[in-house]
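K.L.:
Before I ask anything, let me first share the structure, which is written out below as structure tokens.
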Amino acid sequence: MEFLDAVFGRRTTNGPFLPDPVREDHQQLLIRAAAAAPSQFNSQPWRFVLIEDRATIDRVAALSGESMTQVMGEGTFFHRYRKYFRFSRQEMDRTRSGMLFDRLPALLRPFTGQVFTESGQKMMNRLRVPQKLGEENRKLVAGSPLLVGVMLERGEYRPEALSGFYSVFSMGAAMENLWLTTTQLGMGIQFVSFPMEVPDDLALMAVYRLGYLPEKTRRPAIDWSSRERKLPSQFVFRESCTTPQTGWDEDTRPGT
């Protein structure tokens, strides 16, 4: 698969996965791709926990289902994200943004036009629609063969400082690498938790310098190299945050 095929073929998987375990060599490739992402001063602030234990996955699934039930029942989910919902191809063609819900569960179809109204919310709650959606979400998570927890070092994650943004930016780059790699491996991926709240307006976060490269170059007066990468055992854990991944450190050279 060509790189741009993976970029443009990237998708979020909303449906179930096969029950087959994710091969360990595929898990290792996903992590290696994530770790190849850029980070400020080569800090590599990310940490990953790979979870295959069935009991742990079931607990995460239960929490995910309960969270969905709660926010759907309160109406906060629909109120916060209503501007991103599209219920027709015509609306999507007009806005060119948001999410097109052209396939809805049968229990939601009667409320398409009223989902954002107080009366529609009361009717959905009376029919226990939030509970049914929460249970469907629980089943999807519980049927996943692998969960990946993504974290940042608290010392690097400082929301009040510019460097804190850089750590989040680096984590996003790492996850994009991982996400694109799932496309090449024929895998699917989806967020489990609801997205975090963000400011409603836009702000300038970074400026990049771009241009074509000459055929021959000299090293600039100020130059650096950052090809080294941490060993997987330093930032990948198995089942919990206290059990480092073993057996992956031997195959960490770029291109291998």
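The values are calculated or read from the model by the stated rules, or taken from the named source; none is laboratory data. Model, not experiment: these values are computed from the prediction. FYI the Cβ positions are ideal-geometry reconstructions off the backbone, even for glycines, and counts take in every protein chain you see. Keep in mind that these areas ignore ligands, DNA and RNA; they rest on the heavy atoms of the full protein, side chains included. Shrake-Rupley method; radii C 1.70, N 1.55, O 1.52, S 1.80 Å.
K.L.:
List pairs: first residue in the range 161-181 and touching a residue at least 24 places away in the same chain (Cβ under 8 Å), second residue open to solvent by 30 Å² or more (accessible area, probe 1.4 Å) and in a helix (DSSP H, G or I) anywhere in the structure, Cβ distance under 6 angstrom, at least six positions apart or on different chains.
P.N.:
Pairs found: Y166/Q40.
K.L.:
Out of all the residues in the range 92-118, which are over 21 Å from T12 (Cα atoms) and at pLDDT 80 or above?
P.N.:
Scanning the range 92-118 gives a single hit, R94.
K.L.:
In the range 36-76, which residue that is modelled with pLDDT of 90 or more, of a type in the set (A, V, I, L, M, F, W, C) and touching a helix residue (DSSP H, G or I) at 6+ places or on another chain (Cβ under 8 Å) is surrounded by the most Cβ atoms within 10 Å (Cβ to Cβ)?
P.N.:
Among those residues, the one meeting the criterion is A37.
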